[in-house]
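First the structure, in the form of structure tokens, and then the observations on it.
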Amino acid sequence: MPVEVRQAVAHDCLGGADARSLLSLPFTAPQYRALQADVDASLRRLLDIPPRFRLLFLPGGATAQFAAVPLNLLPPAGRAAYVVTGHWSRRAAEEAASHGRIERIGPEAMARAEGAAYVHITTNETADGCQYRAWPEVDAPLVADMTSDLLTRPIDFSRLALGYAATQKTIGVPGLTVVIVREDLLGRARAYTPRVLDYTRQAEADSRLNTPPVFPMGVARHMLDWIEATGGVAAVAERIERHGAAVYGALEASPGRYRVPVTPAWRSRVNPCFQLAEPAHTEHFLAAAADAGLHELRGHPRSGGVRVSLYPGLETAAVDALVGFIRAFAAAGT
Ligand code: PMP
């Protein structure tokens, strides 16, 4: 997270001249309503979100949305298609299967989504390092988990019915989930849907059905302000594209040393994942990287190996340092 954002958050936590801190801001106060409205407006400006979409700000992380999506969009007699591309889409499908009939399909079999109540994709598989490079064309409302790539590129709202993202990757800290939902999809939740997960009730309550995640909202405001001040989503997209290409370039320069399991057309620009050609060298790589000041590179426990996170706030200097390290480690040989 950029230092400017951390400083602004620290200032809000300490409080200004009247010592009123973000940490004790009641959600019923006009200041909180203004904060939420600010975040709503920033997201709309940054992503060019059309008026027919509502923004909801919900607790429970993206995992809560794995349940909320079928509860709100899947009629009891209906069927939903889940495109399984890795760990997180698998988890989404598993949860949805508790709530109705779902069909798991591969990304090459989108045609099988026809007639489904919706088709669910995970735009960027954070643990596996694969990412849709374009919005898929499907004959059913498209629902997208965008937790790890929201704000890293433009969204084609003519294709999207609902998108959601927990904010801890690209917009701030854990605790808050943004849901962008087309208004005509409201009003369909099953009667037994927990109120806190019911999009319609949350929309009616302006996302304040219960105490919302006030602190993550305060952080999001500053992160969004920073993205806007530094050139918006276009600038983030250009930077991440460049950073991703630099990391893959360094890996491909030493094929004897590193292995990228994802085929080029599917490689994530946000989360390059790779293995050491000799798996026993992984711990040495991670330890040497940490000694060089390069942290949080351990792969997801399910995948092992190395996972790089190129989220919007990351500076090019950090990427340059990583690329230098990848090349030097390869040259050192062990
Ligand atoms: N989807 C994706 C793509 C993720 O990366 C994650 C978490 N990293 C989740 C869902 C789960 O999010 P949460 O832990 O906020 O429930």
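In this Cβ point-charge picture (+1 for Lys and Arg, -1 for Asp and Glu), the chain has a dipole of about 520 debye about its Cα centre.
Since only V5, G61, P194 are under comparison, the one whose Cα sits farthest along the positive direction of the charge dipole of segment 3-230, derived from C-beta charges on Lys, Arg, Asp and Glu, is P194.
Over the chain, all Cα pairs binned in 20 Å intervals from 0 give whole-percent P(r) values of 30, 55, 14, 0, listed from short to long. When both bridge partners sit in segment 1-139, DSSP labels roughly 20% of those beta bridges antiparallel.
With a cut-off of 8 Å between alpha carbons and a minimum separation of six or more residues, what is the relative contact order of segment 82-136 in percent? Each step should come with its number before you reach the end.
On the way: 56 pairs, mean separation 24.6, N = 55.
Contact order relative to length: 45 percent.
In angstrom, the C-alpha Rg and Dmax of segment 194-334 are 19.3, 61.
With viscosity set to 1.567 mPa s at 4 °C, what whole-number translational diffusion coefficient in µm²/s follows for segment 116-220 from Stokes-Einstein and a Kirkwood radius over Cα pairs?
Numbers: Rh = 15.0 Å.
It diffuses with D of about 87 µm²/s by this estimate.
Quick one: check the C-alpha center-to-center distance for segment 166-225 versus segment 1-70, whole angstrom. Between the Cα centres of segment 166-225 and segment 1-70 lies a distance of 10 Å.
Working note: Cα atoms of segment 1-158, range along each principal axis, descending, whole Å: 60, 32, 30.
Annotation: amide H of D128 within the under-5 Å range of H87, sequence separation 5 or more or interchain, hydrogens built in the peptide plane.
Could you give the semi-axes, largest first, of the ellipsoid that matches segment 96-175, computed as the square roots of 5 times the alpha carbon gyration tensor eigenvalues and rounded to whole Å?
Details: eigenvalues 98, 44, 30 Å².
They are 22, 15, 12 Å, listed largest first.
Any idea what the relative contact order of segment 3-230 is, in percent, if you count C-alpha pairs under 8 Å spaced at least 6 apart? Intermediate results must be reported in sequence, preceding the final value.
Values: 402 pairs, mean separation 58.9, N = 228.
Across segment 3-230, relative contact order equals 26 percent.
Debye-formula intensities of segment 1-64, expressed as log10 I(q)/I(0) at q = 0.13, 0.17, 0.19, 0.24 Å⁻¹, are -0.51, -0.84, -1.00, -1.18 (one equal scatterer per alpha-carbon, no solvent).
Working from Cα pairs under 8 Å separated by at least six residues, relative contact order for segment 232-332 is 33 percent.
Laboratory data are not the source of any read-out in this text; all were calculated from the coordinates shown. Owing to the predicted nature of the structure, the values given are computational and were not obtained by experimental measurement. When we count neighbours, we look across all protein chains shown, and the Cβ atoms used for this are built from the backbone with ideal geometry, even at glycine.
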